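The values are calculated or read from the model by the stated rules, or taken from the named source; none is laboratory data. In this text the structure is predicted, and so the values were computed from the model without any measurement. Glycine also receives a Cβ, built like all others from the backbone with ideal geometry; neighbour counts cover every protein chain displayed. For accessibility, only protein heavy atoms count, side chains too; no ligands or nucleic acids. Shrake-Rupley method; radii C 1.70, N 1.55, O 1.52, S 1.80 Å.
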Amino acid sequence: MPHDSVERRDSAAGRDAARLAALYDAHAAPVWRYVVHLTGDRAGADDIVQETLLRAWRTPKILEQDPSTTRSWMFTVARHLVIDEARSARRRREIGVAEVPERTAPDATDALFEAILVEEALATLTTDHRAVVVRAYYRGLSVAEMADELDIPEGTVKSRLHYGLRALRLTLQEKGVTR
């Protein structure tokens, strides 16, 4: 018994596929031309025709009618789909363009102003303080690496870094930077 139901399902699926293919062969091209005539949009016409055929396939009574009746029903459905698309919110908000616009780049103005502020603030530091701050934050050196490079004790590097950052913070606060 289960084997019979599988065969019936397979044969029904085969019949549905055959009916859909016949429906497409008989009506797709005229409906497509009709939609292009209404809209002037060849790519959009493909979508409308596909939806029209799908609706016809889902409506078995349409498939059982005379082919000329089926075609007039499909023209009506396609026309309604075109009208629905024209009235849709997506269509009203979209503006067609000939070329795709360039991708926008993030505005670097804030970063530029921040860099200028930091540069000016660094210029107010003593040479010794500026040397450790720049090495630590711009070059990413460790305390030991800075001590070796500057030929000073690690404790002195830590002290200069502490006081240099404090002076830098005060200078930036005076310039209105609050973070």
message = Step by step: first the residues of region 70-80, then only those that are aliphatic (A, V, I, L, M) and modelled with pLDDT of 90 or more, then the one that is surrounded by the most Cβ atoms within 10 Å (Cβ to Cβ). Which residue is that?
response = 78
request  = Taking residue 21 as the residue in question, decide whether it is assigned to a helix (DSSP H, G or I), among the hydrophobic types (A, V, I, L, M, F, W, C), within 39 Å of the chain's Cα centre (by Cα) and at pLDDT below 85.
outcome  = yes
query = Are any of the residues in region 66-77 out of contact with any strand residue (DSSP E or B) (no Cβ under 9 Å at 6 or more places or on another chain), of a type in the set (A, V, I, L, M, F, W, C) and under 30 Å from residue 174 (Cβ atoms)?
reply = no
inquiry  = Which residue is farthest from the chain's Cα centre (by Cα), if the candidates are limited to region 134-147 and must be within 15 Å of residue 118 (Cα to Cα) and surrounded by fewer than 19 Cβ atoms within 10 Å (Cβ to Cβ)?
reply    = 134
query = So which of 83, 116 is closer than 30 Å to residue 56 by Cα, open to solvent by less than 100 Å² (accessible area, probe 1.4 Å), of a type in the set (Val, Ile, Thr) and not in a loop (DSSP other than H, G, I, E, B)?
reply = 83
message = Pairs needed: first member in region 120-135, more than 19 Å from residue 152 (Cβ to Cβ); second member anywhere, hydroxyl-bearing (Ser, Thr, Tyr) and open to solvent by less than 80 Å² (accessible area, probe 1.4 Å); C-beta distance under 6 Å; at least 6 residues apart or different chains.
response = 121/171; 124/171
query = Can you find a residue in region 90-112 that is in contact (Cβ under 8 Å) with a residue 24 or more places away in the chain and in contact with a helix residue (DSSP H, G or I) (Cβ under 9 Å, 6 or more places away or on another chain)?
reply = no
